[in-house]
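Scroll down for the structure; my scribbles are underneath it.
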Amino acid sequence: MAILGKNIFVFWNDGGTQHLVAGTRANEITSHADKIEIASATQQDWQEFIAGRKSWSFTVSFLLLNESQMQDLIKVGNIFTIQIKGATAGVLLEGSAMLTDEKHSMADGTLANGTFSFTGTGALTIPVSQ
């Protein structure tokens, strides 16, 4: 069965308290591996690569549910423990990430919304209990 986006939740640990990113509309998670070019003894016409260092990042779009969420703007640069959970599967992935960007959009006549962008500061892992 296909996984629905509404069944994936992102939590951040802020000062020892676990918070669901309230009103999440969209989550985009990216992992990346650098590529390192290597020389080949058997052919010189085509590039060959090996995997290098890995990184991960994600962006969360959300609805601003209350005015106190405006204070999240000053949390940019902080590092948070992130957990990505399924509706029934528990914690699927976890890691530490820096809040690198936050944007709030508040146009007249529309719902106020925002975007968090995080960059992983270490490995994105599957919890040991899984």
Rounded accessible area of SER31 (nearest 10 Å², 1.4 Å probe): 100
Interchain or long-range residues, amide H under 5 Å from THR121's placed H: SER96, ALA97, MET98
Between the residues ILE126, GLY52, THR115, the Cα farthest towards the positive end of the dipole of the chain, that dipole coming from +1 and -1 charges on the beta-carbon of Lys, Arg, Asp and Glu, is from ILE126
Rounded to whole Hz, the Karplus (6.51, -1.76, 1.60) HN-Hα couplings of the stretch 62-67, x for glycine and proline: 8, 8, 6, 8, 8, 5
Solvent-accessible surface (1.4 angstrom probe) belonging to ILE8, in square angstrom, nearest 10: 40
Quick check: residue separation of THR121 and MET98 times 0.36 nm, minus the Cα distance between them. What number comes out in nm? 7.6 nm
Let me cross-check HIS32: its accessible surface, 1.4 Å probe, with only protein heavy atoms counted, in Å² to the nearest 10? 100
What aspartates and glutamates could a cross-link reach from LYS54, if we take a straight Cα to Cα line under 12 Å and drop same-chain neighbours fewer than 8 places away? ASP34
Among ASN27, ASN66, ASN78, which one shows the highest mean-square fluctuation when the chain is modelled as a Gaussian network with alpha-carbon springs under 10 Å? ASN66
Identify the chymotrypsin sites (Phe, Trp or Tyr not before Pro) of the stretch 22-130 meeting these criteria: DSSP loop state and at most 12 other C-beta atoms within 10 Å of the C-beta. TRP46
From the backbone phi of the stretch 85-94, what are the Karplus-calculated ³J(HN,Hα) couplings (6.51 cos²θ - 1.76 cosθ + 1.60, θ = phi - 60°) in whole Hz, Gly and Pro given as x? 10, x, 4, 10, 8, x, 6, 8, 9, 8
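The values are calculated or read from the model by the stated rules, or taken from the named source; none is laboratory data. These numbers come from a predicted model, not from an experiment. Methodologically, a virtual Cβ is constructed for each residue, glycine included, from the backbone with ideal geometry; neighbour enumeration extends over all protein chains shown. Surface accessibility is based on the protein's heavy atoms, side chains included, excluding ligands, DNA and RNA. Shrake-Rupley method; radii C 1.70, N 1.55, O 1.52, S 1.80 Å.
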